[in-house]
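Note sheet for the following structure.
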Amino acid sequence: VQLQASGGGVVQARESLRLSCAASGLTFRWYTIGWFRQAPGKEREFVATVVRSGGNTVYADSVKGRFTISRDNAKSTAYLQMNSLKPDDTAIYYCATSDSFLAVRVNSAYNYWGQGTLVTVSS
């Protein structure tokens with residue numbers, strides 16, 4: 001199983017980025033997908049998740065209204081559209097898969113993790 005996160009970069013505050021998570025070696029549509037992030041010196045935290053069908057999404061309060069998670073099961077790819085970025089959004093962003101049918105927020109529910117992509121937001 002491989003999850004390849006991409007799309008990170010350096011942007012200024014209020015700009016946008018779109019992250020992608022390309023999956024291989026698994027039946028993508030069978031998994032809930034989550035995005036997490038880890039800022040320097042902080043623990044990894046939940047950002048957003050989307051269930052298998054794409055019909056239900058959950059967001060962390062800190063990104064609600066600014067970030068949108070989506071997925072394309074035909075392409076085995078998930079996305080995280082990030083708008084109105086803030087310096088506090090600076091982190092390494094990871095995508096992960098979960099066997100759960102639910103939109104789960106906890107790290108322990110996720111079994112496969114990508115390598116992460118760095119997002120840096122300057123003020």
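Each of SER53 and ALA74 was given a label point 7 Å from its Cα along the Cα-to-Cβ line. The distance between the two points is 1.9 nm. For LYS75, a cut-off of 28 angstrom between C-alpha atoms picks up these lysines, skipping any fewer than 8 places away in its own chain: LYS64. Among the trypsin sites (Lys or Arg not before Pro) within segment 56-100, which fall in a DSSP loop and have no more than 13 other Cβ atoms within 10 Å of their own Cβ? Passing both the DSSP loop test and the Cβ count: LYS64, LYS75. When you filter the GluC sites (Glu not before Pro) in segment 15-123 for DSSP loop state and at most 16 other Cβ atoms inside 10 Å of their Cβ, you are left with GLU15, GLU43. Using Cβ point charges alone (K and R +1, D and E -1), the dipole size of the chain about the Cα centre works out to roughly 180 debye.
Per residue, the Cα convex hull of segment 32-117 amounts to 95 Å³.
Within segment 1-105, the chymotrypsin sites (Phe, Trp or Tyr not before Pro) that combine a DSSP coil assignment with at most 13 other C-beta atoms in a 10 angstrom radius are PHE101.
With all protein chains present, how much of the accessible area of segment 17-123 (probe radius 1.4 Å) comes from carbon and sulfur, to the nearest whole percent? List each step's numbers first, then the result.
Values: 2560 of 5190 Å².
Within segment 17-123, the accessible surface is 49 percent carbon and sulfur.
For segment 3-42, the residues whose backbone nitrogen is under 16 Å from a point 7 Å from the Cα of LEU102, taken along Cα to Cβ, are 32-34. For segment 1-79, the per residue solvent-accessible surface stands at 51 Å², with DNA, RNA and ligands left out and a 1.4 Å probe. Over the Cα atoms of segment 79-123, the radius of gyration divided by the Kirkwood radius equals 1.04; this is the Rg/Rh ratio. Taking 0.36 nm per residue of separation and subtracting the Cα-Cα distance, full extension of the segment from ALA22 to SER62 would add 11.9 nm. For segment 103-114, 3J(HN,Hα) computed residue by residue from phi via the Karplus equation (6.51, -1.76, 1.60; θ = phi - 60°) reads 7, 8, 10, 8, 4, 5, 7, 9, 9, 10, 10, x Hz, glycine and proline entered as x.
The values are calculated or read from the model by the stated rules, or taken from the named source; none is laboratory data. Remember, predicted model here, so these are calculated numbers, not experimental data. Cβ atoms come from the backbone with ideal geometry, glycine included; neighbour counts cover every protein chain shown. In case anyone asks, the SASA skips ligands and DNA or RNA and just uses the protein heavy atoms, side chains included. Shrake-Rupley method; radii C 1.70, N 1.55, O 1.52, S 1.80 Å.
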